[in-house]
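> Quick one: the structure is below, questions incoming.
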Amino acid sequence: MKKYIKILSLSFALLVIGAFGCKKVAIGFLSDNLRYSANPLTVNQGVFLISNGIISDDSTPPFKITLLNIRHKETGLKEESFFKQYTVATWKSAYNPLTDTTLALINAKRSMEKKEPLTVLEKSGQFMFTQATDSVPAGEYLIDLQVENPNGKKTYTGITSIIIKPVAEYEYVNTPYFLALPVGSETAIRFPYDDQWIDQAKGQSTNTTLTIRKVADSPNQIVLKVIDKNGAVFPGKALQRRPSGNDYLKTLSTFAYKTTVTDTAVLYDYAQARFPDIYWDSQSNGLNCYYRIYEQYIGSIDYADSKGWNPPSQIPYLTYTTQPVKINIRFNTILYKPGKYIYELKLRATKK
């Protein structure tokens, strides 16, 4: 009997807790505390992104979420560029760097469309940023929204902020350099400091400098020019693939959909930035590009004088004249913005 009474008392207690301890949310409730998990939300300029949705704080759907304004955080003034449309390349299906190997195949998957930099998805409140953010000034902005549900509507001024972050046009992943090899050998002649870094940010080693310049917004193309220490230009055909066993190592041709060799350069047409595509990050040797220039194009090479070594202010060189050589070149870069770029690879210790 006592056991029965205890069970009855416990059941009554649970009912009391249920009645007074749990507040039932009314249908149509619209909280004053709607928010976003990321505040501020950082967005790379010119990069497509869809954010997480709004946190409803037990507000009851369905929602109708409307963008009211985007304002500079410091001045409170409206940023008009968010409310204009810009022409951007839109992919209708995913780009595949292994199979989309012609311009026709690439164009079949994408179209040029007018897009605003930012739209807000009506039901979820997710922010969809398009490549058109490239036309928005970098900075921090406040977002004003209106949210409506069956209970009514409310305005949320400055519900969150977004930071439009400028993106570098390109990056040197490692510093370019070359190694010399005797004719008929695959074993490098190692000179003092021949593959040492001086300044990775400038793409400069003891014997090689890679200068990158964006010259136009289109087409998406890299023009690779190789010059010797005196400024003489190597013909495009001098840049050969580097053998590796029964195969060859990667060049920019591996990542591009079209390669054109001219008398003064090699042209690489690519589909999109980021270039090379992120697919290649996880592949063998990553994004490293390897080239060979054979001995018929090499008049002489120099190497750093270890006794007078004091980079970058003083880099004395000695000329190697013992035997003819070929050279192996390596560099590794990423383009973050589309357009036409000039890659000028100066072999600072080589005479054509």
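> Can you tell me how many residues within region 230-264 are in contact with a Phe, Trp or Tyr (Cβ under 9 Å, 6 or more places away or on another chain) and either at pLDDT below 95 or not charged (D, E, K, R) (or both)?
Adding up the residues that qualify gives 18.
> Any residue at all in region 289-312 that is assigned to a strand (DSSP E or B) and more than 25 Å from A349 (Cβ to Cβ)?
The answer is no; no qualifying residue exists.
> Determine whether region 68-79 contains at least one residue that is touching a strand residue (DSSP E or B) at 6+ places or on another chain (Cβ under 8 Å), assigned to a helix (DSSP H, G or I) and either over 22 Å from K154 (Cα atoms) or modelled with pLDDT of 95 or more (or both).
no
> Report, by residue number, each residue of region 313-330 that is assigned to a strand (DSSP E or B) and under 20 Å from K351 (Cβ atoms).
Hits for region 313-330 are Y317, L318, T319, Y320, V325, K326, I327, N328, I329.
> Among the residues of region 317-352, which ones are within 22 Å of S306 (Cα to Cα) and either crowded, with 20+ Cβ neighbours inside 10 Å or hydrophobic (A, V, I, L, M, F, W, C) (or both)?
Correct list: L318, V325, I327, I329, K346, L347, A349, T350.
> Does S306 qualify as being over 25 Å from L98 (Cα atoms), at pLDDT below 95 and among the polar types (S, T, N, Q)?
Considered against the rule, which asks whether it is over 25 Å from L98 (Cα atoms), at pLDDT below 95 and among the polar types (S, T, N, Q), S306 comes out as yes.
> Just to verify a result, which residue in region 88-115, among those that are exposed (fewer than 15 other Cβ atoms within 10 Å of the Cβ) and under 17 Å from the mean Cα position of the chain (by Cα), is modelled with the highest pLDDT?
Only one residue tops the list, namely N96.
> Condition first: of a type outside the set (A, V, I, L, M), closer than 30 Å to P166 by Cα and surrounded by 16 or more Cβ atoms within 10 Å (Cβ to Cβ). Can you find one or more residues in region 277-287 that meet it?
Yes, the conditions are met somewhere in region 277-287.
Residue-by-condition table, conditions (1) assigned by TED's automatic domain parsing to the domain that holds T254; (2) touching a strand residue (DSSP E or B) at 6+ places or on another chain (Cβ under 6 Å); (3) polar (S, T, N, Q); (4) closer than 21 Å to N220 by Cβ:
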site: Q272; (1), (2), (3), (4): yes, no, yes, yes
site: Y290; (1), (2), (3), (4): yes, yes, no, no
site: G299; (1), (2), (3), (4): yes, yes, no, no
site: W309; (1), (2), (3), (4): yes, no, no, no
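> Tally up the residues in region 181-223 that are of a type in the set (G, A, S) and within 20 Å of N332 (Cβ to Cβ), please.
Counting residues in region 181-223 that are of a type in the set (G, A, S) and within 20 Å of N332 (Cβ to Cβ) gives 4.
> Those residues that are of a type in the set (A, V, I, L, M) and farther than 29 Å from T99 by Cα, I need them from region 216-258; list them, please.
Hits for region 216-258 are V226, I227, A232, V233.
The values are calculated or read from the model by the stated rules, or taken from the named source; none is laboratory data. Because the structure is predicted, anything quoted here is derived from the model rather than measured. Cβ: placed from backbone, ideal geometry, glycine included. Neighbour counts: every protein chain shown.
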